[in-house]
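So the structure is just underneath, and the comments pick up after that.
Taken together, the values in this text are just the output of simple stated rules run on the coordinates, not laboratory data. Computed from a predicted model, the values in this text were never measured in an experiment. Backbone-built Cβ (ideal geometry, glycine too); neighbour counts: all protein chains shown.
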2 protein chains.
Amino acid sequence: MAPRKKRTNDPEGMRRRVLDVAEGAFQARGYHASSLGDLMAAAGITGGALHHHFPTKKALALAVIEERVAAAVRETWIEPVLAAPSAREGVRAVFEAVAAELEQQGYVRGCPLNNLAHELSLADDEFRSALARIFAGWRQAIADKVRADQLEGGEGGTDPERFAALAVAAYSGAMSMAKTSQDPGVLRECLKGLEGLQPSSVGPAARRRRRVLLR
Amino acid sequence: MAPRKKRTNDPEGMRRRVLDVAEGAFQARGYHASSLGDLMAAAGITGGALHHHFPTKKALALAVIEERVAAAVRETWIEPVLAAPSAREGVRAVFEAVAAELEQQGYVRGCPLNNLAHELSLADDEFRSALARIFAGWRQAIADKVRADQLEGGEGGTDPERFAALAVAAYSGAMSMAKTSQDPGVLRECLKGLEGLQPSSVGPAARRRRRVLLR
DNA sequence: TACAAAACAGACCGGTTGTCCTGTTTTGTC
DNA sequence: GACAAAACAGGACAACCGGTCTGTTTTGTA
């Protein structure tokens, strides 16, 4: 009964598995409530391997934030909005897509970015700035889309920064409530509140800019 | 050198001191990051006394939520909105008051309710429902105010529930970003986004309801 | 094949955490 | 004043956490 066991080094795959597990655990239980022991067990990994890829728990969380959370925001928000016919329509589509997904999922774990932002922003400045960067990129993408709409003649009286800030805030806050009540309905409620309001000052200045600089 | 020390039992005061310290610690560091040892030291209390008033850490947090967090929402949101001339004006006033307070304070610790909601909603169902109740009361107070405005002839086309949900969500999300960027400016940005939008359908149906059922 | 570095295994440790437990003192009540 | 309950003191403890350490195996390279 010779101990014939082979080991195949797969640093990239192992790192990915750890990030997968950590991303899920941080999302479901939070940073402090997720012990490295839990993560090691869930990922089927040993302490040595974990420490080799991520020297500290903080380094692991930082990697989750910068690689996974940022990507999640990009995929579920930034890309759909940029691909939409307009910023307003893009925001609406994302709200509905997320609401629909949560409804058929049956539970609400909340926005990964907001979850970690609340727990870690005040704890560590590196965490804070990493999370703040993601928020900033999120807002800027929406604001840029509004500006693009304006160059094409739409969204006359809408202030890009204000619209972006409000969209991100409304989504974040709605997800917060949806998570707490375990009911995604509030997402739809907020979307309707957002839609029921029209841009106020569609003045002549806005109308004049129509179809100018259309490429 | 006789050990002449007198002890004065003050259960209510001691309980209050513990809640004071716990409220601050949970707000600044979160639930998991606040150890009972820290709280005992900060409150100048012994383990026996703490355990007498709050058998478990969970019981303490539940008391903080139900007594302190709920009161904070009541004082900074519900009462000012109800006292305002209209729901819309009340929301605006609270946004500005909080923004002004944070600006002169120099740092942003976030909304107590949202902070705990994110960390504890998925951890324990008792936490979750207690926090959900506070969110619900908050939203209902604003919605009721909108309905009161409508009975007095204003806010024709505004859906009370939608407006309330959007106001709470926008505030929660804005505070989330303000905390992460340590800059309350986004609160004002969101408020302007909220204000720059007018109620859409001020149709005849809304106008017909004017001054009806005015008590 | 030689060999150094990377990749991984697994035990170990100091410190902390939340809770419990046994006493002692104060307080209300008859 | 007797006495039980409440209020408080303070130590003990087992579990756990994150990090470190040593050793082994794999892998790239010459």
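Summary table
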item	result
Qualifying chymotrypsin sites (Phe, Trp or Tyr not before Pro) in region A:43-111, DSSP loop, other Cβ atoms within 10 Å at most 15	A:Y107
Phi-based couplings in Hz for region B:53-67 (Karplus 6.51, -1.76, 1.60; Gly and Pro marked x)	7, 9, x, 9, 5, 4, 4, 5, 5, 4, 5, 4, 5, 6, 9
Exposure proxy ranking, count of Cβ atoms within 10 Å, fewest first, for B:H32, B:H51	B:H51, B:H32
Global form of the protein assembly as shown, assessed from the alpha-carbon gyration tensor, a/c cut-off 1.5	oblate
Fewest-first sequence of B:I78, B:I142 by Cβ atoms within 10 Å of each Cβ	B:I78, B:I142
Exam field: A:A97 pseudo-label spacings to other copies (7 Å along Cα-Cβ), nanometres	4.0
Fewest-first ranking of B:M14, B:M175, using other Cβ atoms within 10 Å as the exposure measure	B:M14, B:M175
Region A:156-177 residues near the modelled A:A93 label - backbone nitrogen below 18 Å, point 7 Å along Cα→Cβ	A:164, A:167-168
Calculated FRET value between B:K58 and A:D183, using beta carbons and R₀ = 35 Å, to 0.05	0.90
Nm distances between copies for B:S86, ranked from closest, using label points 7 Å along Cα→Cβ	2.6
Kirkwood Rh in Å, taken over region B:10-55 so that all alpha-carbon pairs contribute	10.4
Candidate lysines - alpha carbon under 22 Å from B:K179, same-chain residues fewer than 8 apart omitted	A:K58, A:K179, B:K192
Convex hull of Cα atoms in region B:1-119, direction-averaged projection (nm²)	10.2
Kirkwood Rh and Cα Rg combined as Rg over Rh, evaluated for chain A	1.09
